[in-house]
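The values are calculated or read from the model by the stated rules, or taken from the named source; none is laboratory data. From a predicted model like this one, the values you see are computed outputs, not experimental measurements. Note: ideal-geometry Cβ built from the backbone for every residue, glycine included; neighbour counts use all protein chains shown.
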Amino acid sequence: MALHISEVTLLHGKFPTREHYPFSLPLFQQTDSLSFETPVTLFAGENGTGKSTMLEALARACRIHIWRYQGGARYRYNPHEDKLHHCMRVNWTGMPVPGAFFGSEIFKDFTLLLDEWAATDPGQLKYFGGESLVTKSHGQSMMSYFRSRYAVKGLYLLDEPETALSPRSQLNLMEIIRENCEAGHAQFIITTHSPILLSFSGARIYNFDKIPLQTVKYEETDHYRIYRDFFSQRK
């Protein structure tokens, strides 16, 4: 099984500020490093704890492009918002590999870009299931992307992929991840609120609700406990 990166270290001495997000978060100020010892690592925790910020910074530190619409005005601009990757050191187990960042909120931007590329080069679609992703439902286009992209050797970062997936599709995604991990070419780092995805056998789970950052067992996550209690108490 592949481990393309083994550790990421936060370089606190390079923080440009401790007053502005994300450098103001106690989690980042008090966490020294994260180790990756399994092909699948999961980030769990409440909204606003820094999961997605960490994932995006890691993508940039690994030189993985994030396909996102860049237009539009901002009411209040934070010049430090996307600078965390400058304060990271990534330990690769070998030569750096390519990869991809998936975010459910920005996936539509990518599908529209892909359609523009295919207008002049239809061959681009063969890498993503052979059909335009725009013509499919959001969930269907995501699954087509997962099946095609993750068959390629790489480091794959996913930000809350469960957002547009049914429970059955989440199980299918887990099987895609498992197959590509066992093939020995793919490593996955995933932020999620899904108790289904968090149950991935053998995965390491980081709990972003704890400061400094700590690992947690599946049965100790709030996600598992809340769903367990809800179903056991439902009448």
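Picking from F23, F28, F43, which residue would you name as being crowded, with 21+ Cβ neighbours inside 10 Å, on the phi < 0 side of the Ramachandran plot and not in a strand (DSSP E or B)? Steps first, please.
Working: F23 fails: crowded, with 21+ Cβ neighbours inside 10 Å; F43 fails: not in a strand (DSSP E or B).
Every option except F28 fails the conditions.
Output the residue which, of all residues in the range 152-211 that are free of Cβ contacts under 8 Å to residues at least 24 places away in the same chain and not in a loop (DSSP other than H, G, I, E, B), is surrounded by the most Cβ atoms within 10 Å (Cβ to Cβ).
The selected residue is R178.
Of the conditions (1) under 22 Å from L34 (Cβ atoms); (2) touching a residue at least 12 places away in the same chain (Cβ under 8 Å), T215 clears all except one; give me its number.
(2)
Pull out all pairs, ordered by first then second residue, where Cβ-Cβ is under 8 Å, the residues are six or more apart or on different chains, the first lies in the range 85-104 and is farther than 11 Å from A59 by Cβ, and the second is in a strand (DSSP E or B) and among the charged types (D, E, K, R).
N91/E7; S104/D159
Restricting the search to the range 46-105, which residues are among the polar types (S, T, N, Q) and either at pLDDT 95 or above or in contact with a Lys or Arg (Cβ under 6 Å, 6 or more places away or on another chain) (or both)? Lay out the reasoning, then the answer.
Just the residues of the range 46-105 that are among the polar types (S, T, N, Q), to begin with: 47, 49, 52-53, 70, 78, 91, 93, 104.
Within the range 46-105, N91, T93 meet the criteria.
Could you list all residues from the range 141-151 that are assigned to a helix (DSSP H, G or I) and closer than 25 Å to A57 by Cβ? Can you show your working first?
Residues of the range 141-151 assigned to a helix (DSSP H, G or I): 141-149.
Answer for the range 141-151, where residues must be assigned to a helix (DSSP H, G or I) and closer than 25 Å to A57 by Cβ: M142, Y145, F146, R149.
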